[in-house]
Amino acid sequence: MPGKKSEIEIKSFSEEETFGLGEKIARELRGDELILITGELGAGKTVLVKGLASGLGVIDVDSVCSPSFTLVNIYPGRVNLIHVDLYRLEHPEEIADLGLEDYLGAGVMAVEWAERLPEDFRTDRTLEVLIGVESAESRLIKIKSCGIYLELDNQ
């Protein structure tokens, strides 16, 4: 459904539920998606990415960690998971120097701290995921989809 936009809100009450949501999302993906993830420190961004990895068939999900210093990690699975973390980057030219556009279409690209990307860094198959911390035990996860139909039940 190219160009179709939809929004979903899901509450998560544990890391396991956030991980499970990542798995469910990944099962719906074909390998050319861009997933833009935002949320404060400790919100569960990397937990969601680990769930994505599991759903994409990455063998060693425990090896998935936030690439804060390497900036980009690639994990092979059913399709590649390209995991990007922009936390340490503050200037647009630093982000431009990463050459992230070269990774588009080479797998599922999941970008943590995606609010640091230029506004025009989108594809016709983009998910925007905002993880909001409601309390120590709960997260409100808002998913805005463009060009991707997700069949997720609200938890």
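Only the coordinates and a few stated rules stand behind these numbers; no lab work does. Values in this document were obtained by computation on a predicted structure and should not be read as measured data. Here the Cβ is made from the backbone with ideal geometry for all residues, glycine too, and neighbour counts use every protein chain on show.
The table below lists the values:
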| item | result |
| --- | --- |
| Residue-span extension gain [Asp120 to Lys142] - 0.36 nm each, minus C-alpha spacing | 5.9 nm |
| For the range 95-100, Karplus couplings with θ = phi - 60° (6.51, -1.76, 1.60), whole Hz, Gly/Pro x | 5, 4, 5, 6, x, 4 |
| Derived scalar couplings ³J(HN,Hα) [the range 77-85; Karplus, 6.51 cos²θ - 1.76 cosθ + 1.60; whole Hz; x for Gly, Pro] | x, 3, 9, 5, 9, 9, 9, 10, 10 |
| Taking the range 5-146 and dividing mean pair separation by its residue count, relative contact order in percent (alpha carbons under 8 Å, at least six apart) | 36 percent |
| Three-way shape label, the range 31-89, alpha-carbon gyration tensor, a/c 1.5 | prolate |
| Under the Karplus curve 6.51 cos²θ - 1.76 cosθ + 1.60, θ = phi - 60°, whole-Hz ³J(HN,Hα) for the range 112-126, x wherever Gly or Pro sits | 7, 6, 5, 5, 7, 6, x, 4, 7, 7, 9, 10, 7, 9, 10 |
| Rounded FRET efficiency, nearest 0.05, which uses the C-beta distance separating Phe69 from Glu151 and R0 of 41 Å | 0.70 |
